[in-house]
Amino acid sequence: MDCVLAPSAGTSSSNFVELRGGDGFRRLGFSREELHFGRQSRINLVSCRNPSQIHHRARRPVVLLCSQNANVAATESTSVDTALKSKGKELARDLKGTCLFLIGMMGSGKSTVGKHLSDALGYYFFDSDKLVEQAAGGASVAQIFKQSNEEGFRDAESEVLSQLSGMYRLVVATGGGAVVRPQNWGYMRHGITVYLDVPLDALAKRVVAAGTEKRPLLGEPQREFAHEQTLARLTKLYEERGMAYKNADVSVCLKMIANEMNAKDICELTPSIIAVKIMERTQELIRSQKHYGSPRIGLF
Ligand SMILES: Nc1ncnc2c1ncn2[C@@H]1O[C@H](COP(=O)(O)OP(=O)(O)O)[C@@H](O)[C@H]1O
Ligand SMILES: O=C(O)C1=C[C@@H](OP(=O)(O)O)[C@@H](O)[C@H](O)C1
């Protein structure tokens, strides 16, 4: 189904989110309650059938894929699938609608793992880069960097995170650099932040394989030195941001998981396995916080 995240027509003070399917809003039957918006949120759900009526500082409405029902490839073993489902049900009960914000370096798997996670939890999945692109009228992240510099991209990213922070039952894949702005932590702290800690060498392999053109901060490496040059860029970025990632509520270190599972390499850790590990660690956090009393769980 498509999801439109956009401010309300004609006013700048109140925003809204609309979920709609190909057959229209009503048919899918989403209600304010089903979308689980916070009462204090600036975002109000309204029913609007014509997104072209929506204006926001002359930007087009944000249209994104909301992949709660997306087909996550069913290529993994039944036991992992079973663990994913049962852990998902358990954790969803504990979370009480609290959102999960995935943070980590480019290529750490925030989007890939996030979709499995949202599927297991029965949550909606949002990719903040995609929202930023939609807000910019469909321009790619690379184009936005060119047109508005990194600062312009970061402003749009903060705006998206600000809007998402008022919602419930979301898994959000943030951009790798979202952690550098303190204000973004204020937004993400409405939910639980989960750091995907992946070795830099593996990140370099993944992003080179996926193509670096979608990630402008990696530049344009020469083909024959793509791995080395990308690794060098990632290492520099990590030196600048590594400490920020450590602020996450939950850290999932792939090397540690591989050790625990006696896996030879982190390559053996499929997105589903990682999603299960994230849910286990998040459940531990919630259960320990219940003991001390957490202001962030159970708002919903
Ligand atoms: N657990 C994994 N094992 C192998 N490849 C992965 C894994 N997670 C992600 N990838 C791959 O790495 C690349 C980057 O993943 P992506 O989810 O886009 O990362 P991010 O959203 O953190 O930038 C993609 O090509 C994806 O298929
Ligand atoms: O690390 C970063 O600063 C960035 C990461 C990218 O997202 P991914 O982490 O999804 O690749 C994207 O937001 C942009 O290219 C900047």
Ranking request for peptides 234-241, 196-203: highest mean number of other beta-carbon atoms within 10 Å first, then the rest in descending order.
196-203, 234-241
State, as an integer percentage, the relative contact order of segment 78-283 based on alpha-carbon contacts under 8 Å between residues 6 or more apart.
31 percent
Can you tell me which of 181-194, 266-279 comes out highest on packing, and rank the rest after it, using the mean Cβ neighbours within 10 Å?
266-279, 181-194
For segment 208-217, take each phi angle, set θ = phi - 60°, evaluate the Karplus expression 6.51 cos²θ - 1.76 cosθ + 1.60, and give the result in whole Hz per residue in order, putting x for glycine and proline.
5, 5, 7, x, 7, 5, 7, 10, x, 5
Taking a 26 Å limit on the Cα-Cα distance, which of the listed pairs LYS85/LYS255; LYS96/LYS205; LYS89/LYS110; LYS236/LYS277; LYS130/LYS255 fall beyond it?
LYS96/LYS205; LYS236/LYS277; LYS130/LYS255
Could you size up the charge dipole of segment 78-283 around its Cα centre, putting +1 on the beta carbon of Lys and Arg and -1 on that of Asp and Glu, and report it in debye to the nearest 20?
420 debye
Given the peptides 162-169, 96-103, arrange them by the average over their residues of other C-beta atoms within 10 Å, most packed first.
96-103, 162-169
Can you pull the Kirkwood radius for segment 229-268, inverse mean 1/r over Cα pairs, to one decimal in Å?
11.9 Å
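Values quoted throughout were computed directly from the atomic coordinates according to the rules given, and no laboratory measurement underlies them. Note that the structure is predicted; figures quoted are calculated from it, not measured. FYI the Cβ positions are ideal-geometry reconstructions off the backbone, even for glycines, and counts take in every protein chain you see.
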